[in-house]
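Novice: I'd like to ask you about the structure that follows.
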Amino acid sequence: MGFFEGVVVGLVVYFLLRCVFTGFFTVQQNERAVLTSFGRAQRFEGRSTLEDPIAASLNQEERLRYRYPQLRVIGPGGPYFKFPWQALHKADVAIFTVNTAYDPESPTANQNNTVLEAVTKDQLNIGATGQIRYKVCEQNLYAFLFGVKNPIAHVMGYFVSILRERIATFEARPVATDGSPLEGVRDSLGVAGVSINDLRKNLNDLNRQMDDECKSSAARYGVILDASLITNLDPPHDIESALAAINTAHNEVSAQLSLAQAEADQKIEQSKRAVEIQTMRAEAEVQPLLRMAEQLAELKRAGGGVLKAYLRSVRLGLLTRGRKAIVEVKP
């Protein structure tokens, strides 16, 4: 075999290995794929993620910064074929659950990725535990695959920064006796509450705020924060006993206030009922007099003789029922 024949055979073997054996690929049910030709991803020209509903939560400045092209996404199935100058990029779109203290770049951070430290508005260091569910956004695979080097690390940092900011500025809204929130009103004692207590009693509000704040992560990094659930907030051990004493005193005062409010409401209700009863009695006494006045007015309109006859009949009735009668005798 000559040199030329060897080159041809080598090219044929390379073509078979490169194109035939490694040129076909499949995509699993939990995967989405994108092909790049010479490093450029296949895309829909003239279309960006700003036209997708995932960008609805971005403000004007963010819309200028996070403008990504919409890619041609290869769905589950196969086998598909790619040329030697094309590269395959896959993304797992399944839902993942991680700890809120998870740090993809440092396994020893946040107490070995178990507890996330934060500071409350009254300078109290607390430990937050919970879970986050996330998945890759199919509408923004460009940001996930090519936008940042490690998108999960960016998303976790984004989530942790928002959570710490919310914890540091969280204020519980005062609640009325009927359970409705009051705007611009301090609590019943006239002093600000302990922030750790407010946070513990309003974990649902905190989680809801986190979900609202993290809606833009899909447009930013191509990762959807499906749900965040902060389950526990623990204070430092050295002040836990003092905090328990404060909570006990606060609960006692709240109980006394509730009892006083209940007694006041009961007395007010009793006063209302007493007023209603007296009003009804007065109306019952007035009605016969009003009816008699109406009858006398009708008799008067009928003529003077009729009224005299009526008075005579009433007098006779009284005389028949009386035991004694006093008659005035003129001298």
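Novice: Which whole-Hz ³J(HN,Hα) couplings does the range 267-282 yield from phi under the Karplus relation 6.51 cos²θ - 1.76 cosθ + 1.60, θ = phi - 60°, glycine and proline marked x?
Specialist: 5, 4, 5, 5, 4, 5, 5, 5, 4, 4, 5, 5, 4, 5, 5, 4
Novice: OK, next. With the crude spin-label approximation of a point 7 Å out along Cα→Cβ, what separation in nm comes out for Asp122 versus Ala293?
Specialist: Here the modelled spin labels are 6.5 nm apart.
Novice: Toward the positive end of the charge dipole of the range 248-331, about the Cα centre and with charges on Cβ (Lys, Arg +1; Asp, Glu -1), which of Ala309, Val329, Thr248 goes farthest?
Specialist: The residue sitting most towards the positive pole is Val329.
Novice: Something else now. Using a 7 Å offset from the Cα along the Cα-to-Cβ direction at both Thr279 and Val314, what is the distance between the two label points in nm, to one decimal?
Specialist: 3.1
Novice: Follow-up question, since we're still on this one. In nm, to one decimal, how far is the modelled label at Glu252 from the one at Lys201, with both set 7 Å along Cα→Cβ?
Specialist: Taking the two extended label points, one gets 1.8 nm.
Novice: Pop out the ³J(HN,Hα) list for the range 60-70 in order, Karplus 6.51 cos²θ - 1.76 cosθ + 1.60 with θ = phi - 60°, rounded to Hz; leave Gly and Pro as x.
Specialist: 3J(HN,Hα) across the range 60-70, in whole Hz: 5, 5, 5, 5, 6, 7, 9, 10, 10, x, 8.
Novice: Would you list Tyr80, Tyr134, Tyr158 from fewest to most Cβ contacts within 10 Å?
Specialist: Working: Tyr80 14, Tyr134 24, Tyr158 18.
Taking fewest neighbouring Cβ atoms as first place, the list is Tyr80, Tyr158, Tyr134.
Novice: A further question on this structure: Amide H neighbours of Lys121 under 5 Å, at least 5 residues apart or on other chains, H built in the peptide plane: list them.
Specialist: Phe170
Novice: Mind listing the long-range amide H neighbours of Ala227? Cut-off is under 5 Å, sequence gap 5 or more, other chains count too, H placed in the peptide plane at 1.01 Å from N.
Specialist: Under 5 Å from the amide H of Ala227 lie the amide H atoms of Arg133, each far enough along the sequence or on another chain.
Novice: Once the Cβ-Cβ distance between Asn99 and Ala262 is put in as r, and R0 is 41 Å, what FRET efficiency do you end up with, to the nearest 0.05?
Specialist: Details: r = 44 Å, r/R0 = 1.07.
It comes to 0.40.
Novice: Once amide H atoms are built 1.01 Å from N in the peptide plane, which residues 5 or more positions from Tyr68, or in another chain, come under 5 Å H to H?
Specialist: For Tyr68, whose amide H was placed from the backbone, the distant partners under 5 Å are Thr49, Leu50.
Throughout, read-outs are computed from the coordinates displayed, never taken from laboratory work. Since we're looking at a predicted model, the values are computed, not measured. Backbone-built Cβ (ideal geometry, glycine too); neighbour counts: all protein chains shown.
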